[in-house]
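Here is the structure we will look at, set down as structure tokens.
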Amino acid sequence: QVQLVESGGGLVQAGGSLTLSCAVSGRTFNRYTTGWFRQAPGKERELVTSISRSGLSTYYADSVKGRFTISRDNARNTVYLQMNSLKPEDTAVYYCAAASTGWGLGIEYDYWGQGTQVTVSS
């Protein structure tokens, strides 16, 4: 069983920064593609960014390119999301997820965290 626990959310002013962390249980962390999703009120959940098992490949949604950075530390079983230049439209619940197979936009994520709220005030 794989468990994911997010932390680091909170309230920040527009233009500010936050770093989210996702601690993943289990000894096979480096076998999972991991991603950060977000869901704003009244909107569908969307993939924000993802990182391959090795960390060598990343994907970013156009809305966060140049502002967000995903990284992973396989030795610590942790994925990070550094968010800079935050905008009010970044306000959402952010979820960490892990996929046991594949890489790319269409893969299925098998495990999910409970989410952490990020609120950006204007």
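Numerical summary
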quantity: Packing rank of 23-30, 89-96, where each peptide gets the mean count of other beta carbons within 10 Å, highest leading; calculated: 89-96, 23-30
quantity: Value of Rg/Rh across segment 65-113 [Cα atoms, Kirkwood radius]; calculated: 0.99
quantity: Listed residues Ser21, Trp112, Pro41: farthest to the positive end of the dipole of the chain (Cβ charges); calculated: Ser21
quantity: Accessible area per residue, Å², the chain with all protein chains present, probe 1.4 Å; calculated: 53 Å²
quantity: Most positive-pole-ward Cα, Leu56, Gly9, Pro88, against dipole of the chain from beta carbon charges; calculated: Leu56
quantity: Protein accessible area in the chain, 1.4 Å probe - carbon and sulfur %; calculated: 45 percent
quantity: Residue-by-residue Karplus 3J(HN,Hα) for segment 55-61, coefficients 6.51, -1.76, 1.60, Hz, glycine and proline x; calculated: x, 7, 10, 9, 10, 9, 5
quantity: For segment 1-59 versus segment 66-115, the gap between their alpha-carbon centres in whole angstrom; calculated: 2 Å
quantity: Reduced Cα scattering model of the chain, Debye log10 I(q)/I(0), q = 0.11, 0.12, 0.13, 0.19 Å⁻¹; calculated: -0.32, -0.38, -0.45, -0.97
quantity: Vicinal HN-Hα couplings computed from phi for segment 65-82 (Karplus, 6.51 cos²θ - 1.76 cosθ + 1.60; Hz; Gly/Pro x); calculated: 4, x, 10, 10, 9, 9, 8, 9, 10, 5, 6, 10, 6, 9, 10, 10, 10, 8
quantity: The chain - charge dipole about Cα centre, Lys and Arg +1 at Cβ, Asp and Glu -1, debye rounded to 20; calculated: 260 debye
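The values are calculated or read from the model by the stated rules, or taken from the named source; none is laboratory data. Remember, it's a predicted structure, so these values are computed and weren't measured experimentally. Methodologically, a virtual Cβ is constructed for each residue, glycine included, from the backbone with ideal geometry; neighbour enumeration extends over all protein chains shown. Only protein heavy atoms, including side chains, enter the accessible area calculation; ligands, DNA and RNA are left aside. Shrake-Rupley method; radii C 1.70, N 1.55, O 1.52, S 1.80 Å.
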